[in-house]
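> Got a structure for you, questions after.
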Amino acid sequence: MLSQAVARKRCASCACWNGQRQPGPTPGWVNIDSELDTGLCVGGGWDGDERRARSACGHWKIWPLVADQHSK
């Protein structure tokens, strides 16, 4: 399991990414299984494309499950 900072604004912490992930153990983090994890972008800048968890784009929107944690 890998942790990634929400502040990096990568797919793993984006509301549009539907890959496997979990809120991290501490606020401001999200957990992914691997750097190679992929998920479909739904409604974002890469709509309809498979994207890796560590990819980025200019249409990032914070994932609601970590939004409350991140604002604390």
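The values are calculated or read from the model by the stated rules, or taken from the named source; none is laboratory data. No experiment lies behind these values; they were computed from the predicted model shown. For neighbour counting, all protein chains shown are included, and Cβ atoms are generated from backbone atoms with ideal geometry for every residue, glycine included.
> How many residues does the stretch 20-57 hold that are under 15 Å from Met1 (Cα atoms), in contact with a Lys or Arg (Cβ under 8 Å, 6 or more places away or on another chain), outside any strand (DSSP E or B) and modelled with pLDDT of 95 or more?
3
> Then there's this: If you check every pair at least six apart or on different chains, which have Cβ atoms under 8 Å apart with a residue in the stretch 28-48 that is on the phi > 0 side of the Ramachandran plot first and a residue that is in a loop (DSSP other than H, G, I, E, B) and surrounded by fewer than 19 Cβ atoms within 10 Å (Cβ to Cβ) second?
Final answer for the pair search is Gly48/Val42.
> Next question. Can you find, within the stretch 14-46, the residue that is surrounded by the fewest Cβ atoms within 10 Å (Cβ to Cβ) among those that are closer than 21 Å to Asp68 by Cβ and polar (S, T, N, Q)?
Thr26
> Considering only residues that are among the hydroxyl-bearing types (Ser, Thr, Tyr) and either out of contact with any strand residue (DSSP E or B) (no Cβ under 8 Å at 6 or more places or on another chain) or within 14 Å of Lys9 (Cα to Cα) (or both), which ones fall in the stretch 22-63?
Thr26, Ser55 - these are the residues of the stretch 22-63 that are among the hydroxyl-bearing types (Ser, Thr, Tyr) and either out of contact with any strand residue (DSSP E or B) (no Cβ under 8 Å at 6 or more places or on another chain) or within 14 Å of Lys9 (Cα to Cα) (or both).
> Select from the stretch 58-72 the residues that are of a type in the set (A, V, I, L, M) and modelled with pLDDT under 95 and list them in ascending order.
First, the residues of the stretch 58-72 that are of a type in the set (A, V, I, L, M): 62, 65-67.
Once the filter is applied, which keeps residues that are of a type in the set (A, V, I, L, M) and modelled with pLDDT under 95, the stretch 58-72 yields Leu65, Val66, Ala67.
> Quick check on my filter: what residues within the stretch 58-72 are assigned to a loop (DSSP other than H, G, I, E, B) and either buried (at least 17 other Cβ atoms within 10 Å of the Cβ) or among the polar types (S, T, N, Q) (or both)?
Trp60, Trp63, Ser71
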